[in-house]
1. Is there a residue in segment B:53-61 that is facing chain A (nearest Cβ under 8 Å), within 20 Å of residue B:160 (Cβ to Cβ), modelled with pLDDT of 95 or more and over 14 Å from the mean Cα position of the chain (by Cα)?
2. For segment B:234-247, state whether one or more residues are surrounded by 15 or more Cβ atoms within 10 Å (Cβ to Cβ) and part of a helix (DSSP H, G or I).
3. Tell me the residue from A:118, A:108 that is touching a strand residue (DSSP E or B) at 6+ places or on another chain (Cβ under 9 Å) and assigned by TED's automatic domain parsing to the domain that holds residue A:142, please.
4. Looking at segment A:321-335, which of its residues are under 24 Å from residue A:203 (Cβ atoms), more than 9 Å from chain B (Cβ to nearest Cβ) and in contact with a strand residue (DSSP E or B) (Cβ under 7 Å, 6 or more places away or on another chain)?
5. Regarding residue A:291, is this residue away from chain B (no Cβ under 11 Å), in contact with a helix residue (DSSP H, G or I) (Cβ under 8 Å, 6 or more places away or on another chain) and not in a strand (DSSP E or B)?
6. Being in the same structural domain as residue A:209 (by TED's automatic domain parsing) and in contact (Cβ under 8 Å) with a residue 40 or more places away in the chain: is that true of residue A:262 here?
7. For segment A:217-229, enumerate the residues that are crowded, with 18+ Cβ neighbours inside 10 Å and either at negative phi or more than 26 Å from the chain's Cα centre (by Cα) (or both).
8. Among the residues of segment A:294-316, write down those that are facing chain B (nearest Cβ under 7 Å), touching a strand residue (DSSP E or B) at 6+ places or on another chain (Cβ under 7 Å) and closer than 21 Å to residue B:312 by Cα.
């Protein structure tokens, strides 16, 4: 194992993927901070819109390690962390290196600009994976360079771009991902497949989806609620893909307040939404094939079941592989 | 991500799993060396019997980082690395911490004792995962303690024990693992499934297996060679499980020199061997169920194929998850 810039960036990338699907409308971003002797001071990710950016989380944790000043421990809002660090850093960040999967933001949005914070803390070395194509937030690299910070760009850029792709698609028009649960035997039928932890992860994604697409047969057979109750989140609007428009209105998904439910024989309703999750198995996989950007598979390490993805021939590129408490989570794109 | 003793040990564990299956008759062991400022100096694993132990590889790389003395670069034998480090360390290791998944060996075998090297280099802190139950090599912890080294035991012990389990079984009697290749769709039929890199990995395991077990139907249909040509390794003996004893002797596996081929309707020949790989799919999985210790699945991220593990209901615990260039490698045990 080689301990170099790529290693530090890869830690940031791995941490960020843990929150892929939860950060909409913000990008999944990771940040590693390395001290003057090459010691890892912090590895953090942006976890959810409204929470601090990855850089701010990592700078907070690095500050705690460098100074032992525990009064920052209970400071959680991004603005307050910015203010505290600017007022109390006393040059402690001067010799650190900061690795971020995405160019630090330069605009003041829900949180102050990270590029300005990094520059004002006197950080001299920043390693960046992806450039920011978002007009509002871009120019972070230039702002840092203007302040005398050394910026090395394109560190593991391909991997960072894959992490950032959903955000790119939201800015362009929309990001559509297909989620399924299966066993190691490839089967998708026969009751609950995923662990509690995997199902919580899916609910956290539903919480920030604006539209959830599902097949009519699944609705009729499973009678699902399709909300985000396991994370106390909001329930997305629903698009049921079905030629037959009649559904038993006592099926729980129809009773969730504040949600719209569409029943259509095509995906055109997707055009009104930005962050869209499709849940299904083989039939929906085939139907949605042309509009899906990413796939996420929750794979339970067991055999059993009888039907899965017969008659489908696709090959995937693995973007990220995680082990949950029990299941394997695989983010992929179709080749 | 928390950067603590468990993190450093987990790097050692991950590195060691990359060589699981290749190290027989030695255990798969990983070692991380951390400098006085908590910087990672080296993460290495034992790669193959005869090669230096994980601790020696890591100490060599840490020495290169600490001193910049490149004359050690081309020194590869364990004895020579020991001698060079002992003659040239000049106290550079005094403030480092060494994390090893297995108690350092205390006996002089093919390579000198790691515990003695660690003590003589003046290393003050050693973190150990598993205890060594091997009578010849044990007492490393005691040797270190006697020399004034602080030893913290049982760091991620459960994970380290899972890594060490094959070695435990070799010492007890034998280790039997079942290897299969499948697609994401769970299928095992229809031609080559795994990537070139995965197939090389399987050949590296065959190279150190003393017996490879395979089903009669596979032999008749696939007409395999079952050697280790992709890594220029030695071909293991073969046990064909088949009620029908007649085989076409032009099938390539029969023509490999220096190998014994048994054709039996049971697994009793396994009792004459120590490191046994079973290759197969559903039928062999079911037949060998009661004698297998670990499973390793090479999962190609694609659909297609028609048959797999129908009618089998087992559940697994995931021991290690790796991404190859293309495939996923999953080490598991049956629950």
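The values are calculated or read from the model by the stated rules, or taken from the named source; none is laboratory data. This one's a predicted model, so the numbers in the text were calculated from it and none came from an experiment. Neighbour counts are summed over all protein chains in view; Cβ atoms, including those assigned to glycine, are modelled from backbone coordinates with ideal geometry.
1. no
2. No, segment B:234-247 contains no residue that is surrounded by 15 or more Cβ atoms within 10 Å (Cβ to Cβ) and part of a helix (DSSP H, G or I).
3. After ruling out the rest, the residue left standing is A:118.
4. Result: A:329, A:331, A:333.
5. Yes; evaluated as a whole, the condition is true for this residue.
6. The answer is no for residue A:262.
7. A:218, A:219, A:227, A:228
8. Correct list: A:301, A:302, A:303, A:304, A:308.
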